[in-house]
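Data first, discussion second: the structure below is written as structure tokens.
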Amino acid sequence: MAEDALRKALPRRQLGRYLRQQRTAEGLTLAEVAKPMEWSISKLGRIERGEEGKIRKADVQQLCDILGFSAERTAVMVGLAQQADVKSWWHAFGDLIPEGFVMYVDLEWTAHGMTIYRPDLVPGLLQTAAYARALDRIYFPHDSEEEQEGRVQLRMQRQAIITRKTNPTKVDVVLHESVLHTVVGSPATMAGQLRHLADISTKDNVGIRILPYTAGVPIGVPIGPFVILDFVPDSEGVTEPTVIYIENYTGDMYLERERDVVGYRRASATIQHAALDAVSSRTKLRMKAKEYLP
């Protein structure tokens with residue numbers, strides 16, 4: 001409990017990070033931004049580090065004007081400020097923060113390691129373009145072909161974190177066996193997707209294991225998809241606390257409390273213990289791919 005009290009909540013940390021990144025991108029110093037705000041340099045520095053207390057909406061809007069944020073991005077910053085001290089943060093789409101903003105992608109990009117459990121679908125980081133395209137055509141039925149293709153390409157770009165040569169993100173994934181049997185798109189799409197999973201699982205930083213039907217319910221209760229994001233110190237020596245990300249149809253949940261992190265780590269360990277080993281999982285993926293295209 002004491003450790004939780006010392007942590008700066010995720011919305012506050014992200015607000016500070018976005019302000020700092022924008023200031024740096026604009027080539028502005030702390031002094032150049034603090035002066036028109038009539039603040040001390042130390043106060044602005046504390047805000048950028050997520051340490052300052054309550055921040056007024058008017059101050060955030062003025063900061064965003066100085067830093068050159070768009071109206072849409074300003075709305076995001078104001079929403080983060082209004083929820084600055086929330087420890088377990090439910091980001092309801094279209095609520096205080098605009099629906100189009102997905103903070104998870106930023107966390108994903110900066111994470112050192114990710115532990116993922118999916119009982120339903122292949123996670124976005126491991127999807128082929130054909131698999132992603134088939135899903136988006138259902139979820140965004142009114143988008144034009146150009147808009148849908150743009151979404152797919154963005155998802156493919158996200159995958160650079162696991163394929164880049166310098167400091168690739170370490171990803172450990174457990175997929176329930178039902179994912180292999182849930183047809184997304186066509187049999188050809190599924191065959192290509194499963195072959196891709198088998199191939200990419202040979203990378204040193206990617207582990208993919210299958211939780212077989214025969215494992216039953218390892219935890220004793222059903223559990224939905226989740227991601228555990230772990231971080232290492234940034235360029236300023238600051239280490240972000242572990243974040244549990246839970247995706248939902250109408251919004252996203254971000255958990256940081258120690259008891260939540262411990263609980264999900266325990267659940268993840270139990271699931272991994274029940275899953276097949278890496279080699280057996282790869283074999284199962286290749287065999288199922290052949291069944292789709294005999």
Practice problem: Pull up segment 168-210, narrow it to residues that are under 25 Å from Gly113 (Cα atoms) and free of Cβ contacts under 8 Å to residues at least 40 places away in the same chain, then point me to the one that is surrounded by the fewest Cβ atoms within 10 Å (Cβ to Cβ). | Solution: Asp204
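In segment 170-180, is there at least one residue being modelled with pLDDT of 95 or more, assigned to a helix (DSSP H, G or I), farther than 23 Å from Tyr264 by Cβ and over 19 Å from the mean Cα position of the chain (by Cα)?
Here is the first cut: in segment 170-180, the ones modelled with pLDDT of 95 or more are 170-180.
Remaining after also requiring assigned to a helix (DSSP H, G or I): 178-180.
When the remaining residues are screened for being farther than 23 Å from Tyr264 by Cβ, the result is 180.
Checking the rest, the ones that are also over 19 Å from the mean Cα position of the chain (by Cα) come to 180.
Taking every residue of segment 170-180 in turn, at least one turns out to be modelled with pLDDT of 95 or more, assigned to a helix (DSSP H, G or I), farther than 23 Å from Tyr264 by Cβ and over 19 Å from the mean Cα position of the chain (by Cα).
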Quiz item: Given segment 211-294, what strands (runs of 3 or more DSSP E) lie entirely inside it while holding 2 or more residues that are crowded, with 16+ Cβ neighbours inside 10 Å and modelled with pLDDT of 95 or more?
Solution: 226-230
Quiz item: Taking into account only those residues within segment 59-78 that are at pLDDT below 90 and of a type in the set (Gly, Ala, Ser), which is surrounded by the most Cβ atoms within 10 Å (Cβ to Cβ)?
Solution: Ala75
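Arg118: modelled with pLDDT under 90, over 19 Å from Glu256 (Cβ atoms) and surrounded by 18 or more Cβ atoms within 10 Å (Cβ to Cβ), yes or no?
Working: modelled with pLDDT under 90: no; over 19 Å from Glu256 (Cβ atoms): yes; surrounded by 18 or more Cβ atoms within 10 Å (Cβ to Cβ): yes.
So Arg118 does not fit the description; no.
The values are calculated or read from the model by the stated rules, or taken from the named source; none is laboratory data. What you are looking at is a predicted structure, and each value in this text was computed from that prediction instead of being measured. Cβ atoms come from the backbone with ideal geometry, glycine included; neighbour counts cover every protein chain shown.
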